[in-house]
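Here's the structure we're looking at; comments come further down.
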Amino acid sequence: MILDVKHLTHGFGDRAIFHDVSFRLLKGEHIGLVGANGEGKSTFMNIVTGHLQPDEGKVTWAKNVRAGYLDQHTVLEQGMSIRDVLCSAFSFLYDMEQEMNQMFEKMGEAGEEEMDRLLDETGTIQDLLNQHDFYMIDVKVEEVARALGLQEMGLDTDVTKLSGGQRTKVLLAKLLLEKPDILLLDEPTNYLDENHIEWLKRYLLDYENAFILISHDIPFLNSVVNLIYHMENQELNRYVGNYDKFMEVYEVKKSTVGGCLQEAAEGDRGSEGFCGKK
Ligand SMILES: Nc1ncnc2c1ncn2[C@@H]1O[C@H](COP(=O)(O)OP(=O)(O)OP(=O)(O)O)[C@@H](O)[C@H]1O
Ligand SMILES: [Mg+2]
């Protein structure tokens, strides 16, 4: 279990958004979060990421889970180049490298015992850096940048010179490089061209960790998700399968509910109706 949401109720003023919603996310689940405009999809993301405090309910994350969130309107800090932002995805590795270099410096004056300890510790860090492909960061950064069309602008371009769409691409690229345990993407295809969407599609399809994806792009959803959560009338319902599968089940469900209402309107015929009434 990665994320557990219990009895979530929220509204804005008179407008009720969720009523007693519960939700669980397991390791590796690829979720599509769908629903009409204004049903509360972005609000849900803001609540689970702690950007918004719900009126009622409890959000619990498993220990040490790294979540990466790309919301509809993220902003970028000033004075950094595209490359700086992308490399910051690996800041924990740069920190480790720095720590290691300081140890190397200390070695000059270290006694025998101290030397053994330093060799041991630098060895451990070196292994970790190798494990995390530290010496391949440039290659990875360039690969993702190319895939999302950032290379064309030049990676040394200051991020403040970028348009809104380009900035979103930079943030998306950074997020993908970070490979969080769970990716939270709110309409990531809005600013992407067809070939970039195609690349993102393949990327998400192969993504070994979990993600929650909000998108109005049905073919895109269909290709990458295996679970749908549908938000409607303050409820959140779970459907196994892609978007088409969800629509199939949803249509049947709707007509069944419609049938039940009709039957109720016509009066109970004393039979076992198809809504399971006795
Ligand atoms: N901070 C806020 N204050 C007041 N109302 C808000 C606030 N944020 C969202 N709302 C309202 O809550 C409802 C849900 O908004 P939300 O942005 O979560 O919808 P959504 O499902 O993401 O829609 P879309 O598909 O258009 O992005 C909308 O009616 C919106 O106007
Ligand atoms: Mg939204």
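No lab work stands behind these numbers, since they all come straight from the coordinates. These numbers come from a predicted model, not from an experiment. Virtual Cβ from ideal backbone geometry, glycine too; neighbours counted across all protein chains shown.
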Springs between alpha-carbon atoms under 10 Å, Gaussian network over the chain: tell me which of Asp133, Asp181, Asp84 tops the mean-square fluctuations. Asp133
Among Leu175, Ser42, Tyr94 - extreme Cα towards positive end, dipole of the chain, charges at beta-carbon: Ser42
Between Gly149, Leu128, Ser81, whose Cα lies farthest towards the positive end of the dipole of the range 77-161 when Lys and Arg beta carbons carry +1 and Asp and Glu beta carbons carry -1, centred on the Cα centre? Gly149
By the scheme Lys and Arg +1, Asp and Glu -1, what is the net charge of all other residues having a beta-carbon under 14 Å from that of Gly241? -1
Cα pair distances of the range 77-161 binned at 10 Å [whole percent]: 16, 35, 24, 16, 7, 1
Please state the charge dipole magnitude for the range 77-161, taken about the Cα centre, from unit charges on C-beta atoms (+1 on K and R, -1 on D and E), reported in debye and rounded to the nearest 20. 580 debye
Charged-residue dipole, Cβ positions (Lys, Arg, Asp, Glu), the chain about Cα centre, Debye nearest 20: 1360 debye
Where the convex hull is taken over the Cα atoms of the range 7-82, what is its projected area averaged over directions, in nm²? 7.3 nm²
Return Met247, Met107 ranked ascending by Cβ neighbour count within 10 Å, so the fewest neighbours appear first. Met107, Met247
Give the residue from Thr189, Gln53, Tyr250 lying farthest towards the positive end of the charge dipole for the chain; charges sit on Cβ (+1 for Lys and Arg, -1 for Asp and Glu) and the dipole is referred to the Cα centre. Tyr250
In what sequence do Thr9, Thr60 fall when counting other Cβ within 10 Å, fewest first? Thr60, Thr9
From Cα pairs below 8 angstrom and at least 6 apart in sequence, can you work out the relative contact order of the chain, rounded to a whole percent? 27 percent
Could you quote the convex hull projected area for the chain, Cα atoms only and averaged over all directions, in nm²? 20.5 nm²
Relative contact order [Cα under 8 Å, 6+ residues apart], the range 77-161, whole percent: 61 percent
Loop GluC sites (Glu not before Pro), the range 153-215, which have at most 12 other Cβ atoms in a 10 Å radius of their Cβ (DSSP): Glu208
Please arrange Val139, Val5 by how many other C-beta atoms lie within 10 Å of their C-beta, fewest to most. Val139, Val5
Determine the distance separating the Cα centre of the range 163-204 from the Cα centre of the range 104-130; give it in Å without decimals. 39 Å
